[in-house]
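Throughout, read-outs are computed from the coordinates displayed, never taken from laboratory work. Everything numeric here is computed off the predicted structure, so don't read it as measured data. Note: ideal-geometry Cβ built from the backbone for every residue, glycine included; neighbour counts use all protein chains shown.
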Amino acid sequence: MTAIHIADTGLFVSMGQPSNPRYLAVRRFARRNGITFVLPERVYGELTVNAPDVETPPIDTAIEEGWARVAAPLKYSHGVVSRTMDGVQRYIANADDRPADEIERADPALAGVAAQAFVEGTADQAYIYTTDTAAGKGAEAVLASEGYGDSVTYVNGFRFVDDLLE
């Protein structure tokens, strides 16, 4: 079984700087388990906003250390990728009771990365670490409707980090 571990903005924001115990716990977990967290390009873009008080964004440190990387660009020509992203966007919109065009595209991209990995055969299991419950449950539901129900696990990002600290 080949697994992909997909992380959202909220997970990395909740970890803080590389000296933070939360960051250190996730880094230890990744290294101990041979995991590389994969971030959609949109998530990486959210985490690397130019801030004058941050020399190296924490995500860049994680990438340099080898336990995180940016996903390849999504190929919307894969029908399952575009259907998955559209479906998750609608799921979040319904869950949050707001128009689908107001949903940020980084959340559906989490499921898009999983769908692309499945279609391309680079993974047969996906773990989606997100602090957004609707995005996580939406990814599970939509990918299940595409035939990947037993292959996707939503991991609550806040609970994940808290469990590592206990």
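Just wondering, is there one or more residues in segment 94-110 that are over 20 Å from Ala30 (Cα atoms), aliphatic (A, V, I, L, M), in contact with a Gly (Cβ under 6 Å, 6 or more places away or on another chain) and in contact (Cβ under 8 Å) with a residue 24 or more places away in the chain? Looking through segment 94-110, none of the residues is over 20 Å from Ala30 (Cα atoms), aliphatic (A, V, I, L, M), in contact with a Gly (Cβ under 6 Å, 6 or more places away or on another chain) and in contact (Cβ under 8 Å) with a residue 24 or more places away in the chain. Residues of segment 71-79 include at least one that is within 24 Å of Val13 (Cα to Cα) and surrounded by 15 or more Cβ atoms within 10 Å (Cβ to Cβ).
Filtering segment 83-119 to residues that are surrounded by fewer than 16 Cβ atoms within 10 Å (Cβ to Cβ) and either in contact with a strand residue (DSSP E or B) (Cβ under 8 Å, 6 or more places away or on another chain) or of a type in the set (S, T, N, Q) (or both) leaves only Asn94.
Here the condition is being under 20 Å from Arg159 (Cβ atoms) and more than 18 Å from the chain's Cα centre (by Cα); of Ala95, Ala114, it holds for Ala95 alone.
So that you can scan it fast, the table gives a plain yes or no per residue for (1) without any contact (Cβ under 8 Å) to a residue 40 or more places away in the chain; (2) under 19 Å from Phe158 (Cβ atoms); (3) not β-branched (Val, Ile, Thr):
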{"residue": "Gly16", "(1), (2), (3)": "no, yes, yes"}
{"residue": "Leu24", "(1), (2), (3)": "yes, yes, yes"}
{"residue": "Asn33", "(1), (2), (3)": "yes, no, yes"}
{"residue": "Leu47", "(1), (2), (3)": "yes, yes, yes"}
{"residue": "Trp67", "(1), (2), (3)": "no, no, yes"}
{"residue": "Lys75", "(1), (2), (3)": "no, no, yes"}
{"residue": "Arg83", "(1), (2), (3)": "no, no, yes"}
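Taking helices (runs of 4 or more DSSP H) as the structural unit, those lying wholly within segment 1-74 and holding at least 2 residues that are among the aromatic types (Phe, Trp, Tyr) correspond to 21-33. Taken together, the criteria exclude Thr84 from residues that are within 16 Å of Thr36 (Cβ to Cβ) and assigned to a helix (DSSP H, G or I).
Scanning segment 120-155 for residues that are surrounded by fewer than 16 Cβ atoms within 10 Å (Cβ to Cβ) and under 18 Å from Ala72 (Cβ atoms) yields Glu120, Gly121, Thr122, Asp124.
Applying the condition of being in a helix (DSSP H, G or I) and under 15 Å from the mean Cα position of the chain (by Cα) to segment 119-141 and asking which residue is nearest to Gly45 (Cα to Cα) yields Ala135. Thr2 passes every criterion in (1) within 22 Å of Val113 (Cα to Cα); (2) of a type outside the set (Asp, Glu); (3) surrounded by 13 or more Cβ atoms within 10 Å (Cβ to Cβ) apart from (3).
Which one is farthest from Ala68 (Cα to Cα) among residues in segment 156-166 that are touching a residue at least 60 places away in the same chain (Cβ under 8 Å) and surrounded by fewer than 19 Cβ atoms within 10 Å (Cβ to Cβ)?
Taking segment 156-166 as the starting set, the residues that turn out to be touching a residue at least 60 places away in the same chain (Cβ under 8 Å) are 157-158, 160-161, 164-165.
Restricting the remaining residues to those that are surrounded by fewer than 19 Cβ atoms within 10 Å (Cβ to Cβ) gives 158, 164-165.
On the way: Phe158: 18, Leu164: 18, Leu165: 20 Å.
Only one residue fits best here, namely Leu165.
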